[in-house]
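Quick notes on the structure that follows.
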Amino acid sequence: MAADNMQASGKTVILQVDDDETLCEFMSVRLTRINYEVLTANSGKEALKILEDHKVDLAIIDVSMPGMSGYELLKHMKKKAPEVPVILLTGYRDDSNLHMSLEVGCNSFIEKPVTFETLAFTIDRVLQARKPGDIRQLKKAA
């Protein structure tokens, strides 16, 4: 883990946004066990508030949420914190969604149900690809 990804706690900070509170809690516990600091939000509005108050190294966002969708949140995030890489989670496979996600600035796209191993691998891959050239390569591989 690169030093510029770490907070004062020495941990990379992940913002997890999902309206499924049970899934959010489960993933938060698992990610904490592998040495990430996890901030959770159950809505786009809550996530934007967290972004105002905390430095975040990576965001994991569910696409389908009531109120503000994951796509809308991603658009807002790219205006407020364009340097934060984003992984989108979706329960629906749709190539147009994948294309739109990458156009808006998503760094990776994962279909639900997702295994924890796949999520952890994707997080590591996205964090390692923080340089612009690497992100373009990651997008092409998605």
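Computed values, structure above
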{"read-out": "Scan of segment 107-120 for residues that are touching a helix residue (DSSP H, G or I) at 6+ places or on another chain (Cβ under 6 Å) and not in a strand (DSSP E or B), ordered by number", "value": "ASN107, PHE116"}
{"read-out": "Residue within segment 109-120 that is in contact with an Asp or Glu (Cβ under 9 Å, 6 or more places away or on another chain) and buried (at least 18 other Cβ atoms within 10 Å of the Cβ) present", "value": "no"}
{"read-out": "Strands (runs of 3 or more DSSP E) wholly inside segment 1-95 containing at least 2 residues that are charged (D, E, K, R), surrounded by 14 or more Cβ atoms within 10 Å (Cβ to Cβ) and modelled with pLDDT of 95 or more", "value": "none"}
{"read-out": "Filter pass, THR122 being modelled with pLDDT of 85 or more, in contact with a Ser or Thr (Cβ under 9 Å, 6 or more places away or on another chain) and of a type in the set (S, T, N, Q)", "value": "yes"}
{"read-out": "Complete set of residues in segment 19-55 that are closer than 19 Å to SER69 by Cβ and either of a type in the set (Val, Ile, Thr) or touching a Phe, Trp or Tyr at 6+ places or on another chain (Cβ under 8 Å) (or both)", "value": "THR40, ILE50"}
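The values are calculated or read from the model by the stated rules, or taken from the named source; none is laboratory data. Everything numeric here is computed off the predicted structure, so don't read it as measured data. Using ideal geometry, Cβ is built from the backbone for each residue, glycine included, and neighbour counts are taken over all protein chains shown.
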